[in-house]
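Data first, discussion second: the structure below is written as structure tokens.
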Amino acid sequence: MPATAVPRSETISGPAYRIPPHAAGMRVGLFGGTFDPPHAAHLAACLLAMKRLRLDQVWWLVTPGNPLKDTRGLAPLADRIAAARALARHPRIVVTGLEAMLHAAYTHQTVRRLAARCPGVRFVWIMGADNLRSFHRWRRWRTIAAMVPIAVVDRAGPSLHAAAGPAAHALAAARLPETAAAALPGRAPPAWVLLHGLKSPLSSTALRATRRSHARRVKEPQTVAG
């Protein structure tokens, strides 16, 4: 997922921005997003992937930003990390702002730098079906697919179109049957699987739009009938 630099006004220090504890052989899912706001579908997608892929942990990578999306009015990174932690509350989900610490502006940088710092960890990139649909627009998306296995979690609506999109078509030969999902973390990339079972229409983009619309209505002067 593309990211943007963290504003200079924000302080990047402390445990929230460090690489979580890990060990060689661990199966770790990487789930990136702005999480503005985090919502129940984020948690449900991660729990589904954790179970189906038999992951030891899932790291929520709260990114400083995303140039492919409208991030006007994006909440401060620290606030989004706190909100994501309040939602997750799971012993095997770790919320982190490590992309800011790694100075990773794009996903391919995040994956490469994590692999260098966490030798032996079996990472899997987790994304929603809506992200697969636009995956071909990500910076060096083929490089990402060549570095890390990918788990795509379906959502209400996007799955059918995503599976027929440019990236899915280009990576068709690397797709695993869903019955082999548990083997994905141990597979050499490129390798990916589409996981069914989550049917949530929630999206942070839509929730942000609703939030902005509500804010505009609140600011509008009220007309009093006389």
Report summary line: Listed by chain and number, the residues whose amide H is under 5 Å from that of Val124, excluding neighbours fewer than 5 places away on the same chain and using placed H, are Val28, Gly29, Leu30
Requested in this report: Report the convex hull volume per residue for region 15-206, counting only C-alpha atoms, in Å³.
Outcome: 106 Å³
Query raised in the report: Leu198's amide H: which non-local residues (gap 5+, or another chain) put their own amide H closer than 5 Å, with H modeled 1.01 Å from N in plane and none for Pro or chain starts?
Result: Asp154
Query raised in the report: Between Ala170 and Ile19, what FRET efficiency comes out of the Förster formula 1/(1 + (r/R0)^6) with R0 = 35 Å and r the beta carbon distance, rounded to 0.05?
Result: 0.70
Query raised in the report: Ranked by Cβ crowding within 10 angstrom, fewest neighbours first, how are Arg142, Arg155 ordered?
Result: Arg142, Arg155
Query raised in the report: With charges set only on the Cβ (+1 for Lys and Arg, -1 for Asp and Glu), what does the dipole of region 15-206 come to about its Cα centre, in debye to the nearest 20?
Result: 340 debye
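Quick note: the coordinates plus some simple rules give every number you see, no bench work behind them. Here the structure is a predicted model, which means the values were calculated and not measured. Using ideal geometry, Cβ is built from the backbone for each residue, glycine included, and neighbour counts are taken over all protein chains shown.
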